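Asker: Below you will find the structure I want to go over with you.
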């Protein structure tokens, strides 16, 4: 018999309706969830209720505790795979954090739901069921953390929430999903060719902010970051990685203050590149000391920068992959 550990952290998948008809996120414990969802009986499922929160309330301290629990569960051969239930709003960030920081060949599957278990048409049961079956499937060995949602399997680095409420909540723009689950069977069609993991966490949690660029964007947010003495800034630029020229003086000041800055693009596909040579272009940013963030979206780039700084790794080299 296969053995899967399910770590619950709250979110819509563990929600209950209050007297006003609104959802209280994370109101159910993992044990309550197990009782309601009629989990597979041909797999031994162990439940670990660790956090009961809306996903935007989860902290990196919470994630570190979950990461330590995952490592503990993988210390022996008694766990074939791990499922983490999670609210969908920050699911993609947590999944990528685990992908980068856990070094184990066995599957780690993150899932959630767009509708609460007691709501009409809930996707909670099927998503968790599919995640459990996927977590003990050898096809997912050695490919890092994945997200299972709406019968699809996504790589943690590439997955993104695409809809606020529809049960087709996640996608990987430009890359597609790795496979599907059909009648409880995993059909894997592709595997990531580049897998990054085991960035060793050593230092305290750094402060990394995201600053978006847009037409007429100025220095205010960058200067606020300088005053706050943040450790890093992710610039979400446009196109090939351009920002408003009005931001450049403060960007240079932040670089001189020792703040790590990474430029990403708001475009769903493609990567930043030094195509243009003008004030605020990716080339101008690069020449000023900004790190090119390739095809990372801003939230994933923030997770990557945070883990690199905590591991005392070279940030510029870290973003080459």
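The values are calculated or read from the model by the stated rules, or taken from the named source; none is laboratory data. Not measured: the values here are computed from a predicted model. When we count neighbours, we look across all protein chains shown, and the Cβ atoms used for this are built from the backbone with ideal geometry, even at glycine.
Asker: Inside the range 27-39, can you point out the residues that are in contact (Cβ under 8 Å) with a residue 24 or more places away in the chain and either assigned to a helix (DSSP H, G or I) or surrounded by 17 or more Cβ atoms within 10 Å (Cβ to Cβ) (or both)?
Answerer: 28, 30, 33, 34, 36, 37, 39 - these are the residues of the range 27-39 that are in contact (Cβ under 8 Å) with a residue 24 or more places away in the chain and either assigned to a helix (DSSP H, G or I) or surrounded by 17 or more Cβ atoms within 10 Å (Cβ to Cβ) (or both).
Asker: Please determine whether any residue of the range 259-269 is within 29 Å of residue 60 (Cα to Cα), part of a helix (DSSP H, G or I), in contact with a helix residue (DSSP H, G or I) (Cβ under 9 Å, 6 or more places away or on another chain) and at pLDDT 95 or above.
Answerer: No, that holds for no residue.
Asker: Filter the range 91-114 down to the residues that are assigned to a loop (DSSP other than H, G, I, E, B) and in contact with a helix residue (DSSP H, G or I) (Cβ under 7 Å, 6 or more places away or on another chain), then identify the one that is surrounded by the fewest Cβ atoms within 10 Å (Cβ to Cβ).
Answerer: Step one: list which residues in the range 91-114 are assigned to a loop (DSSP other than H, G, I, E, B), which gives 102-107, 112-114.
Next, only the ones that are in contact with a helix residue (DSSP H, G or I) (Cβ under 7 Å, 6 or more places away or on another chain) stay: 102, 107, 112-114.
Values: 102: 20, 107: 26, 112: 30, 113: 27, 114: 24.
Among those that are assigned to a loop (DSSP other than H, G, I, E, B) and in contact with a helix residue (DSSP H, G or I) (Cβ under 7 Å, 6 or more places away or on another chain), it is 102.
Asker: Given 250, 224, 267, which one is more than 25 Å from residue 160 (Cβ to Cβ) and under 27 Å from the mean Cα position of the chain (by Cα)?
Answerer: Criteria check complete, one pass: 224.
Asker: Of the conditions (1) surrounded by 15 or more Cβ atoms within 10 Å (Cβ to Cβ); (2) within 27 Å of residue 175 (Cβ to Cβ); (3) in contact (Cβ under 8 Å) with a residue 60 or more places away in the chain, residue 231 fails just one. Which one is it?
Answerer: Tallying (1) surrounded by 15 or more Cβ atoms within 10 Å (Cβ to Cβ); (2) within 27 Å of residue 175 (Cβ to Cβ); (3) in contact (Cβ under 8 Å) with a residue 60 or more places away in the chain, residue 231 fails exactly one: (2).
Asker: If I ask for residues that are under 16 Å from the mean Cα position of the chain (by Cα), outside any strand (DSSP E or B) and either under 19 Å from residue 117 (Cα atoms) or without any contact (Cβ under 8 Å) to a residue 24 or more places away in the chain (or both), which ones from the range 165-174 would you list?
Answerer: 169, 172
Asker: Looking at the range 277-321, which of its residues are at negative phi, in contact with a strand residue (DSSP E or B) (Cβ under 7 Å, 6 or more places away or on another chain) and in a loop (DSSP other than H, G, I, E, B)?
Answerer: 281, 290, 293, 296, 297, 319
Asker: Could I ask something else about it? Across the range 188-206, which residue is farthest from residue 318 (Cα to Cα) among those that are at pLDDT 90 or above and surrounded by 14 or more Cβ atoms within 10 Å (Cβ to Cβ)?
Answerer: Only one residue tops the list, namely 188.
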